[in-house]
Amino acid sequence: MHRAALLLLIATLVASCSPRVDFNADIRPILNERCVDCHGGIRRQGDLNLLFRSEALAEAESGLPAVVPGKPNASELIRRVSHGNPEVRMPQEGHALSKGEVRMLRQWIRAGAPWDAHWAYVAPERPALPAIKQSEWPQQDLDRFVLAKLEDQALEPSPPAACPTLVRRVTLDLIGLAATPDDVASVCEGVTTYEAYVEKLLDSPHYGERWAAMWLDLARYADSKGYEKDIGRTIWRYRDWVVDAFNADMPFDQFTVEQLAGDLLPAPTEDQLIATAFNRNTMTNTEGGTDDEEFRVAAVVDRVNTTWEVWQGTSFACVQCHGHPYDPFRHAEYYQFFAFFNNTVDRDYDDEYPTLPRFDAETTAAGTALMEEWERLDQEILRIALEDSIARARREWEALLDRPEVIGRVRNMLQNEVRRVALTPEIERDAAQQTLIASVYADISTDSRLEILRKRRSEVRQEINVLSPLQTPIMRELPQHKQRKTYVFERGSFLTRGKAVTAGTPQALPPLPDSAPRNRLGMAQWLVSEENPLTARVTVNRFWEQLFGTGIVESLEDFGTQGYAPSHPDLLDHLAVTFREDQAWSVKDLLRTLVTSATYQQSSHITPLLLELDPYNRLLARGPRFRLTAEQIRDQALFVSGLLSTRMHGPPVMPPQPEGLWNNPYDSRQWQTSEGEDRYRRALYTYWRRTIPYPSMVTFDSPTREFCLSRRLRTNTPLQALVGLNDPVYVEAAQALARRMETRAEGAQEQLAEGYRLALSRAPAPAALAELTALYDKALAHYENSPEDAPTMGSTAHQAALAMAASAIMNLDSFVTKE
Amino acid sequence: MTLVREAQHAYLGHVTRRHFLRTAGTGLGAVALASLGIKSAQADPLAPRQPHFAPRAKRVIFLHMAGGPSSLELFDYKPDLARLDGARCPDSLLEGKRFAFIRGVPKMLGPQATFKQHGESGAWVSNHLPHLAQTVDRIAFLKAMHTDEFNHAPAQLLVHSGSPRLGRPSMGAWVTYGLGTENANLPAFVVLLSGGAAPDAGASVYGSGFLPTVYQGVQCRSKGDPVLFLNDPEGIPRDLRRASIRAINRINAQQHAEVGDPEILTRIAQYEMAFRMQTSVPEAMDIGQEPAYIHELYGTVPGETAFSNNCLLARRLVERGVRFVQLFHWGWDSHGAGASEALNDGFLKRCKETDRPVAALLKDLEQRGLLDDTLIIWGGEFGRTPMLENRSGTDNPFVGRDHHSDAYTMWLAGGGVKGGITHGATDPIGYSGISGQVHIHDLQATILDLLGFDHLRLTYPFQGRDFRLTDVHGEVVREVLA
């Protein structure tokens, strides 16, 4: 018998005997809300933690187990929650549990206290396609899940969106730019099919730019190092790598492994090394007096938290200081995972070492030779330093102990000790060991051979820097003998070390396969393994949210028990399994399926009924309608006005911004406004300084990228209106759009309509055109009467008046909204 | 009739005002507002709201002396330190300590000021602050403040966001998130900078962190646009701007009639508000309207970027219902490495620049009856060492002190604060607190308490956890509450 059917049968049988209690639906919410604050991952009062079945069943401090499966009357939990004496009764805070809740707990214990895992920690299986009535509506399998739920609620899907609206929607979604009037005409007049148009978009180089913008929030990409001085960082090759990876449709599993562990792949390519800069986007502190170790640890913590948020949709950050308050992750498990990231060479160095130089055709040979020489010198210096110090210490000891029979033994002991200490990572050394090593280094610093080698080493570094002024920070693993030990940090502080741990993954999730290496590479492969229950779900949910505005799980960053439950659990699993298996992790395949679905192509009109029943569109009875991102709004203004540069890649640019914003007291660098087409590049390429972000983008909710961010909140403020109306970038765009309107059409009416078409991919309704005309007329009268005002807006009164109208068009709700 | 109303009447007769309000905040994470006990029916993110209990203060002016002013030259009188001047610092003071710049064994540095007791309360104030000395009976001094950070950016972030790392909401953002605003025509949280440099941690010290950006501080400037992009471009007179917003809103209303998205109504309202802000912000920022005796009181000259102007602006802003005014005055980083940052040069200038306007602000608020419910906070991100910092190791004409996180003075006045008291004390050289120690998180808990909030309950969910300004710490300093 099919497994699901068997389970169903059992469930039915059980249900017929006694009302079925579902742990996740009925019991866990009681425990999470009323118990685990005191008996959970943070506090374990009475030595009881109700996040794990084993602990609930074990003897607590009182000597009694909280839960005795099958025996509610013997369970201390029941005795305490139903006790009449308020001194004894649990929970002590707040009101008592309701009778219904206590009854539920009793039934659950009687049934054996089954402890089902939270849905997100159980691997998704391909669900059967649900039965539906309107079989002609679906265009993709995913539509059946949506429709089944609508039919369940007796709701109808919305009619398809008007063709121009849909073409604009899909163009914005896939390449982040507006659809041109030609694109619209070609699809809506039937010259090109919708499906063929989607292919064209997926093949566009702008596709990678649009999706990189999303990924860079997760990668916390910025062009500065953060902290006080927040000085510049050169890491844009990573941004370009992301653009190219999306354009090449690099399968998401490979995309994952290369970013997390590209350096550990066999013979990694330059691109694979650049990919690891994902985890060099952590902040670097260059202030005086700071402890590099403290900020190295802060960076490692950030890498752990980011990995869990991006791939596992889990708020692992909680576990840094204590056990997870709600989810089954133990404090020590945080540091087991931390151990995967704890052995890279980088250490909050001001120069961001290690970095990858870039050599061109002419410099490759020389550059590679220099890199090899540097490595050789580095090894040689270490070897000599070690042997020297051993030899010297031996001489001293021999002079001291002039007895041949002990000399041999002492020599060996000493040799071993110095070698052991030298190979102990710096942070591991105790005070005596530090003194020993300090004296060793103090002595050898006078050694002339070493002086020469050191001098040569720094010359080689200089030569490399000259050959390649461009150096990108990358990940590199420490050699075996320099690997750090990892300890649990009590209460999250790096100064308070608990027990030592080795690299591993949490028990609540499937184990690392035995064959997988116990390092970052093994960890990355584990994330994208078939057994991992989270990665595919979290990923499809992310892309879904980008298109539909809300995730199937609304909390993209939290699939745990405190996150939101999925609106369509089977749909999520269907998409996840399809993405991992049928689509072989191809993001383009995933997006193609989504945008060609009937669900996606619905009209986004909101009827009063839908607004009442489903204001946030969780049932998907209509298409998405929400404000564009900061980057998209800027890109549209430049694109529709014809100013946008299509140049891709390269160092970040500095488009115009108000003067005087960069005035950090300890960094005198100024914003150097870019020249030529670099003033009009896509927002993706704008210089991203963490403490002083580009003002117009922040106003539209772009994050400052200190940390990984899954979801941008969308606000709607008067400051946004001021940007759209008055920011010189938008004023310039309005003037440029006016010039385009003038050259593309004849007569004010047609020119206004053309501006509207260019900006919104559709013709204006007569009432809208009437408003624009009235504005134009008023502006024209003004500029004819006050010609001294015109030159700042246009070269003629007519053009200045058109610019006023163009500005109005680019401030319409429809312009900043995907409809 | 405003455009919003007009649009509503013309196109949305069936939409009631209540409905409009309910839908006005749909983009803003209903969960978050729900955590404040705000139901979606009230979900205008900036609507005025009641805190947890009756507040003693309704608005805040925070005077941040960026760089870390030396308490030893201002409030913390240490005659013993004068006797030790020039002596080698004992090892016991250096053990286990980290400094930003001091290396090796420094010398002690006596107070570079003379002190007297003032007012009925007999508070000690140095000769550098003659005007402030006249107001001490309104002030509660916290003499044993301490912080965890000894570099500017993290210490400033700790003061304003409760965490030394970037990414958390600032105090002003928390307060506007909790209280909303009383004047929708002005930003709820205004930031004013002076002293020639922005805060070290940049806009993050007045950012909204993970709160919606609607709560972030808006920097108002005395030169250029008072708010970025506030002024219409040249060549667009007001009536044309009005006409363009009218056209935008009418077309938006048509669009709303067709597609029914309530977010469009919010946008209509925001364009209308932007138009009003274009008038109300410059009006509030124009100190030229003030009478001569007020300029005399503050020492202000209209049109300059100066701390005194910002003090007067702060009064004008709170008078108009702005919830939180944050001033930063850079230049208190008195290392002694050069004239501008020497205790015997730049520091004295900072004292002169701030002494009169701060005293004026207290008096002015009092005479307007605003001091009773306006909380004033004065202080830096840390204090300075009793040791001389001599970075170059050579004789130079300038003296200075290094950053010091263990003991320094801040003060509170106004809204619910007991005046004329001193809370806490430091040891005979001002190196460590010996009684009444107050950590930054305690100060934050106290500020929130004065505003009517239980700091444990003003929270926002982020990354799976309820965050608050005071992190996992904070005790209200009851001794300073009136």
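Going by the structure shown, is A:Asn716 more than 9 Å from chain B (Cβ to nearest Cβ) and either in contact with a Gly (Cβ under 6 Å, 6 or more places away or on another chain) or farther than 23 Å from A:Asp813 by Cβ (or both)? So A:Asn716 fails the test. Scanning segment A:474-497 for residues that are among the aliphatic types (A, V, I, L, M), in the same structural domain as A:Glu270 (by TED's automatic domain parsing) and either under 16 Å from A:His322 (Cβ atoms) or in contact with a helix residue (DSSP H, G or I) (Cβ under 7 Å, 6 or more places away or on another chain) (or both) yields a total of 1.
B:Ala243 falls short of the stated requirement of being in contact with an Asp or Glu (Cβ under 7 Å, 6 or more places away or on another chain), of a type outside the set (Lys, Arg) and without any contact (Cβ under 8 Å) to a residue 12 or more places away in the chain.
Sort out which residues of segment A:710-737 are in a loop (DSSP other than H, G, I, E, B) and surrounded by fewer than 22 Cβ atoms within 10 Å (Cβ to Cβ), and write them in order of number. First the steps, then the outcome.
Quick first cut of segment A:710-737, residues in a loop (DSSP other than H, G, I, E, B) only: A:710-717, A:727.
If the condition is that a residue be in a loop (DSSP other than H, G, I, E, B) and surrounded by fewer than 22 Cβ atoms within 10 Å (Cβ to Cβ), then A:Ser710, A:Arg711, A:Arg712, A:Leu713, A:Arg714 are the ones that fit.
For segment B:421-456, the tally of residues that are assigned to a loop (DSSP other than H, G, I, E, B) and at negative phi stands at 11. State which residue is farthest from A:Thr234 (Cα to Cα) when the search covers only segment A:469-482 and only residues that are modelled with pLDDT under 85 and assigned to a loop (DSSP other than H, G, I, E, B). Here the residue is A:Pro479.
Kindly provide the set of residues from segment A:738-756 that are within 14 Å of chain B (Cβ to nearest Cβ) and either crowded, with 23+ Cβ neighbours inside 10 Å or of a type in the set (Phe, Trp, Tyr) (or both), ordered by number.
Our first condition is that a residue be within 14 Å of chain B (Cβ to nearest Cβ); within segment A:738-756, this holds for A:738, A:752-753, A:755-756.
Residues satisfying the conditions are A:Ala738, A:Leu752, A:Gly755, A:Tyr756.
Within segment A:327-359, if we keep just the residues that are in contact with a Gly (Cβ under 9 Å, 6 or more places away or on another chain) and not in a helix (DSSP H, G or I), the residue that is farthest from A:Phe494 (Cα to Cα) turns out to be A:Phe359.
Conditions tested, residue by residue: (1) among the polar types (S, T, N, Q); (2) over 30 Å from A:Arg537 (Cα atoms); (3) crowded, with 22+ Cβ neighbours inside 10 Å.
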residue: A:Pro181; (1), (2), (3): no, yes, no
residue: A:Ala212; (1), (2), (3): no, no, yes
residue: A:Ile231; (1), (2), (3): no, yes, no
residue: A:Asp249; (1), (2), (3): no, no, no
residue: A:Leu264; (1), (2), (3): no, no, no
residue: A:Asn279; (1), (2), (3): yes, no, yes
residue: A:Thr282; (1), (2), (3): yes, no, yes
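List every residue pair whose Cβ atoms sit under 7 Å apart, with the two residues 6 or more apart in sequence or on different chains, where the first one lies in segment A:203-214 and is polar (S, T, N, Q) and the second, anywhere, is in a helix (DSSP H, G or I). Going by the 7 Å Cβ cut-off, the qualifying pairs are A:Ser204/A:Ile175.
Is segment A:685-699 home to any residue that is away from chain B (no Cβ under 12 Å), buried (at least 19 other Cβ atoms within 10 Å of the Cβ) and of a type in the set (A, V, I, L, M)? Lay out the reasoning, then the answer.
Filtering segment A:685-699 down to residues away from chain B (no Cβ under 12 Å) leaves A:685-688.
Retained after the next criterion (residues that are buried (at least 19 other Cβ atoms within 10 Å of the Cβ)): A:685-688.
Now drop any that are not of a type in the set (A, V, I, L, M), which leaves none.
Checked against the condition, which is being away from chain B (no Cβ under 12 Å), buried (at least 19 other Cβ atoms within 10 Å of the Cβ) and of a type in the set (A, V, I, L, M), segment A:685-699 yields no hits at all.
Being more than 10 Å from chain B (Cβ to nearest Cβ), among the charged types (D, E, K, R) and over 23 Å from A:Ser807 (Cα atoms) is a description that does not apply to A:Arg622.
If you filter segment A:585-616 down to residues that are assigned to a loop (DSSP other than H, G, I, E, B) and aliphatic (A, V, I, L, M), you find that the one that is farthest from A:Asn247 (Cα to Cα) is A:Ile606. Just one residue in the set B:Ala100, B:Ala113, B:Ala82, B:Ala123 is without any contact (Cβ under 8 Å) to a residue 40 or more places away in the chain and hydrophobic (A, V, I, L, M, F, W, C); that residue is B:Ala82.
Yes or no, residue by residue, for (1) modelled with pLDDT of 80 or more; (2) closer than 20 Å to A:Val729 by Cα; (3) in contact with a Ser or Thr (Cβ under 7 Å, 6 or more places away or on another chain); (4) not basic (Lys, Arg):
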site	(1), (2), (3), (4)
B:Ala198	no, no, no, yes
B:Ser204	no, no, yes, yes
B:Lys223	no, no, yes, no
B:Val227	yes, yes, no, yes
B:Glu234	yes, yes, yes, yes
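Just give me the residues in segment B:127-178 being touching a residue at least 24 places away in the same chain (Cβ under 8 Å), part of a loop (DSSP other than H, G, I, E, B) and either more than 24 Å from B:Val318 (Cβ to Cβ) or within 14 Å of chain A (Cβ to nearest Cβ) (or both), in sequence order.
Within segment B:127-178, the subset touching a residue at least 24 places away in the same chain (Cβ under 8 Å) is B:128-132, B:134-163, B:166-178.
Restricting the remaining residues to those that are part of a loop (DSSP other than H, G, I, E, B) gives B:128-129, B:134-135, B:147-151, B:162-163, B:166-170.
B:His128, B:Thr147, B:Asp148, B:Glu149, B:Phe150, B:Asn151, B:Ser163, B:Leu166, B:Gly167, B:Arg168, B:Pro169, B:Ser170 - these are the residues of segment B:127-178 that are touching a residue at least 24 places away in the same chain (Cβ under 8 Å), part of a loop (DSSP other than H, G, I, E, B) and either more than 24 Å from B:Val318 (Cβ to Cβ) or within 14 Å of chain A (Cβ to nearest Cβ) (or both).
Go through segment A:617-649 residue by residue and tally those that are in contact with a strand residue (DSSP E or B) (Cβ under 7 Å, 6 or more places away or on another chain), within 23 Å of A:Leu709 (Cα to Cα) and assigned to a loop (DSSP other than H, G, I, E, B). Lay out the reasoning, then the answer.
Applying the first criterion (in contact with a strand residue (DSSP E or B) (Cβ under 7 Å, 6 or more places away or on another chain)) to segment A:617-649 yields A:622-628.
Then drop every residue that is not within 23 Å of A:Leu709 (Cα to Cα), which leaves A:624-628.
This time we only want the ones that are assigned to a loop (DSSP other than H, G, I, E, B), so: A:624-625, A:628.
Count: 3.
When we screen B:Arg384, B:Arg356, B:Arg401 for residues that are of a type in the set (D, E, K, R), surrounded by 24 or more Cβ atoms within 10 Å (Cβ to Cβ) and under 25 Å from B:Ala306 (Cβ atoms), the only hit is B:Arg384.
Here's the yes/no breakdown for (1) among the polar types (S, T, N, Q); (2) free of Cβ contacts under 8 Å to residues at least 40 places away in the same chain; (3) more than 13 Å from chain B (Cβ to nearest Cβ):
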site: A:Thr773; (1), (2), (3): yes, yes, no
site: A:Asp777; (1), (2), (3): no, yes, no
site: A:Tyr783; (1), (2), (3): no, yes, no
site: A:Thr792; (1), (2), (3): yes, yes, no
site: A:His798; (1), (2), (3): no, no, yes
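Residues in segment A:806-815 that are within 8 Å of another protein chain (Cβ to nearest Cβ) and of a type outside the set (D, E, K, R): A:Ser807, A:Ala808, A:Asn811, A:Leu812, A:Ser814.
Can you tell me which residue in segment A:569-585 is surrounded by the fewest Cβ atoms within 10 Å (Cβ to Cβ), limited to those that are more than 9 Å from A:Val540 (Cα to Cα) and touching a Pro at 6+ places or on another chain (Cβ under 7 Å)? Write out each step before concluding.
Pass one, segment A:569-585, residues more than 9 Å from A:Val540 (Cα to Cα): A:569-571, A:573-574, A:577-578, A:580-585.
From what's left, touching a Pro at 6+ places or on another chain (Cβ under 7 Å): A:570, A:573-574, A:577, A:584-585.
Working: A:Asp570: 20, A:Asp573: 24, A:His574: 23, A:Val577: 20, A:Ala584: 11, A:Trp585: 21.
Residue satisfying both the conditions and the ranking: A:Ala584.
Could you grab me the full set of residues in segment A:61-109 that are free of Cβ contacts under 8 Å to residues at least 60 places away in the same chain, in a helix (DSSP H, G or I) and under 18 Å from A:Asp26 (Cβ atoms)?
Taking segment A:61-109 first, the residues free of Cβ contacts under 8 Å to residues at least 60 places away in the same chain are A:61-93, A:95-96, A:98-100, A:102-103, A:106, A:109.
If we keep only those that are in a helix (DSSP H, G or I) as well, we get A:72-74, A:76-81, A:99-100, A:102-103, A:106, A:109.
Passing the criteria: A:Pro72, A:Leu77, A:Ile78, A:Val81, A:Lys99, A:Gly100, A:Val102, A:Arg103, A:Arg106, A:Ile109.
Considering A:Arg330, A:Arg303, the condition of being of a type in the set (Lys, Arg), surrounded by 22 or more Cβ atoms within 10 Å (Cβ to Cβ) and in contact with a helix residue (DSSP H, G or I) (Cβ under 9 Å, 6 or more places away or on another chain) is satisfied by A:Arg303 alone.
Yes/no matrix, rows are residues, columns are (1) modelled with pLDDT of 95 or more; (2) away from every other protein chain (no Cβ under 14 Å):
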residue	(1), (2)
B:Gly303	no, yes
B:Arg315	yes, yes
B:Ala337	no, no
B:Ser340	no, no
B:Cys351	yes, yes
B:Ala360	yes, yes
B:Leu365	yes, yes
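For B:Ala203, the conditions (1) in contact with a helix residue (DSSP H, G or I) (Cβ under 7 Å, 6 or more places away or on another chain); (2) within 30 Å of B:His160 (Cβ to Cβ); (3) assigned to a helix (DSSP H, G or I); (4) facing chain A (nearest Cβ under 8 Å) all hold with the exception of (1).
The values are calculated or read from the model by the stated rules, or taken from the named source; none is laboratory data. No experiment lies behind these values; they were computed from the predicted model shown. Every residue, glycine among them, receives a Cβ derived from its backbone with ideal geometry; neighbour counts consider all protein chains shown.
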